[in-house]
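The values are calculated or read from the model by the stated rules, or taken from the named source; none is laboratory data. These figures come from a predicted structure and were not determined experimentally. Using ideal geometry, Cβ is built from the backbone for each residue, glycine included, and neighbour counts are taken over all protein chains shown.
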Amino acid sequence: MGKSLFRSASTFARNVATHGKRLLLRQETLDDVVESVSKDTDKLKRAVKNAKSEGRYLEATRLTEKGRRAYNEKNFAKAEEYFRQAIVSDATYPLAYTYLGSALYKQEKVRDATQYWLQAIKLAPGSDAAARAEKHLHAIKLKKEEVIAELEDRFKK
């Protein structure tokens, strides 16, 4: 249990005990206690949700780092595997999408790569991950334009 979650759970337990004591001493009504404990329960639920999100993010970054190592070793299929696992761990981690796009591109899966780069941009516009994805998409666009121009030249002759 992380420090923040532990602190939230401790505060929740203290507050429940305090409200119970006040109820017994008739310093609060049952309705007041139920309302206060309900608010404290909501706070604890948010703390648990945040702790889970943090764990998923950390797992996604760990898997992305493994994927980057595999990518740098030119093991693009293994890199793809790690990046996909990172996305399963945290579907909101844009860097995993960017790197997955790159791994797919290296395996000549251009359409799939394009989709993952677009997803990275959609998830975090203006981020470093989005900037990298935009750079890749721009390069593909330029390459496509070159091929079209070359084909047009061939057909003109």
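Quick notes on this structure:
- Check on residue 98, modelled with pLDDT of 90 or more, out of contact with any helix residue (DSSP H, G or I) (no Cβ under 7 Å at 6 or more places or on another chain) and not aromatic (Phe, Trp, Tyr): no
- When segment 53-90 is filtered for residues that are buried (at least 20 other Cβ atoms within 10 Å of the Cβ) and among the polar types (S, T, N, Q), only 64 remains.
- Residue match in segment 87-96 (condition: hydrophobic (A, V, I, L, M, F, W, C) and closer than 18 Å to residue 139 by Cβ): no
- The numbered conditions (1) closer than 17 Å to residue 62 by Cβ; (2) in contact with a Gly (Cβ under 8 Å, 6 or more places away or on another chain) are all true for residue 113 except (1).
- Segment 69-121: number of residues that are hydroxyl-bearing (Ser, Thr, Tyr) and assigned to a loop (DSSP other than H, G, I, E, B): 2
- For segment 91-123, filtering for residues that are out of contact with any Ser or Thr (no Cβ under 8 Å at 6 or more places or on another chain), closer than 20 Å to residue 55 by Cβ and surrounded by fewer than 22 Cβ atoms within 10 Å (Cβ to Cβ) leaves 2.
- Pairs are defined by a Cβ separation below 8 Å, a sequence spacing of at least 6 or placement on different chains, a first member in segment 9-34 that is farther than 17 Å from residue 45 by Cβ, and a second member that is surrounded by 12 or more Cβ atoms within 10 Å (Cβ to Cβ) and among the β-branched types (Val, Ile, Thr); the pairs so defined are 19/33; 19/37; 20/33; 22/33; 23/33.
- Cross-chain or 6+ apart pairs with Cβ under 6 Å, segment 122-136 first and in a helix (DSSP H, G or I), then surrounded by 15 or more Cβ atoms within 10 Å (Cβ to Cβ) and of a type in the set (Phe, Trp, Tyr): 133/117; 136/117
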